[in-house]
Amino acid sequence: LQSVYDQGIANVVLTDSTRSLDELNLFFERAHLLRYIQPAGIYASTTLETTKPDPLFFGKPLEDLKIIPEQALFVGHSLDELAGAYASGLRVAAVNYDPELRTSGELAFLERERGDKGHFLENIGSLKALVRKLNRKETHD
């Protein structure tokens, strides 16, 4: 999160957690991550009254940040949330996903769009390089 934050990019958290926003803020504060998250940038299903993969779940942060889906990158691990973000028009990066999802073809939608909209990360440390790559592409378009 810090490396993305240091590049001037807003970080938000979308979670299906049943914890309250106060509990989530405390969790991220204790993990020393809250400073890298956009103010009011934690979105939980408990307050959005919907869950991933509902497009409304992905739409609220976009609306609040005043950006279009193509300007966002969703990083996730489960098929449902990756497919939901992708269907909502967001760029998607799969990390810590079940390798069987890729070999079975269930993540094929990311394979087809590899160069632009779908990405696989070996680990979360690979996120910094991906964000740099996407930023370079945006500045050249």
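The values are calculated or read from the model by the stated rules, or taken from the named source; none is laboratory data. Quick caveat, the model's predicted, so the values are computed rather than measured. When we count neighbours, we look across all protein chains shown, and the Cβ atoms used for this are built from the backbone with ideal geometry, even at glycine. Side chains are part of the model used for accessible areas, which takes the heavy atoms of the whole protein and leaves out ligands, DNA and RNA. Shrake-Rupley method; radii C 1.70, N 1.55, O 1.52, S 1.80 Å.
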Flagged in the range 81-101 as acidic (Asp, Glu) and within 18 Å of residue 60 (Cβ to Cβ), in numbering order, are 81
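Pick out the one residue from 70, 81, 100 that is under 21 Å from residue 132 (Cβ atoms), in a helix (DSSP H, G or I) and either modelled with pLDDT under 95 or open to solvent by 20 Å² or more (accessible area, probe 1.4 Å) (or both). Lay out the reasoning, then the answer.
On the way: 81 fails: under 21 Å from residue 132 (Cβ atoms); 100 fails: under 21 Å from residue 132 (Cβ atoms).
Only one candidate passes the filter, namely 70.
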Evaluation of residue 36 against (1) under 21 Å from residue 129 (Cβ atoms); (2) open to solvent by 50 Å² or more (accessible area, probe 1.4 Å) (one fails), failing number: (2)
Residue 76 is checked against (1) open to solvent by less than 30 Å² (accessible area, probe 1.4 Å); (2) over 21 Å from residue 123 (Cβ atoms); (3) free of Cβ contacts under 8 Å to residues at least 40 places away in the same chain; (4) not hydrophobic (A, V, I, L, M, F, W, C) and fails just one. What number does that condition carry? (2)
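Only one of 45, 20 is over 21 Å from residue 130 (Cβ atoms), open to solvent by less than 80 Å² (accessible area, probe 1.4 Å), of a type outside the set (A, V, I, L, M, F, W, C) and touching an Asp or Glu at 6+ places or on another chain (Cβ under 7 Å); which? Step through it out loud before you land on a result.
Details: 20 fails: touching an Asp or Glu at 6+ places or on another chain (Cβ under 7 Å).
On inspection, the qualifying residue turns out to be 45.
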